[in-house]
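First up is the structure itself, then whatever we jot down about it.
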Amino acid sequence: MMGIKVLLQLLVFALVFTMFTKHQALGEQDCYAERDSVIHECMETLRHDAPYKHPTASCRRVVRRSDVACICRVLSIDDEGLISVAKFLQLARECGKPVAGTPKCGSFTLPQPRSPPPPRA
């Protein structure tokens, strides 16, 4: 009798744990594979130690299919050791995917858009 009670408690605990972890996982978008693809396909464009090089067709294709704002959110310090965030932002703009809706890209803070000056009377 005691074994069934322990087994039921364990089953309930596992169910509750699964519900909480699944909820968190659904709330965070997973774009790590996209980040890795962009870094792999566009390394020649994104290198720190070389001038900006226009992207290859395969690089542009990968960037156009990617969620660049999400990639900005998941860029780590280690990623920034491999690539230039400024070049990534330039690449995203060049591919028609400017970063919007997030104030940061990795550790880089994006400049805020300026408001137009008030009209003169």
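The values are calculated or read from the model by the stated rules, or taken from the named source; none is laboratory data. A quick note: this is a predicted structure, and the numbers were derived from the prediction, not measured. Here Cβ is always computed from backbone atoms with ideal geometry, including for glycine, and neighbour counts include all displayed protein chains.
Determine if region 58-66 includes at least one residue that is of a type in the set (Gly, Ala, Ser), at pLDDT 90 or above and over 20 Å from the mean Cα position of the chain (by Cα).
No: zero hits.
Could you pull out the residue among 109, 45, 18, 102 that is at pLDDT 95 or above and not aliphatic (A, V, I, L, M)?
45
Does region 47-64 hold any residues that are within 16 Å of residue 98 (Cβ to Cβ) and either aliphatic (A, V, I, L, M) or without any contact (Cβ under 8 Å) to a residue 24 or more places away in the chain (or both), and which are they?
Across region 47-64, the qualifying residue is only 63.
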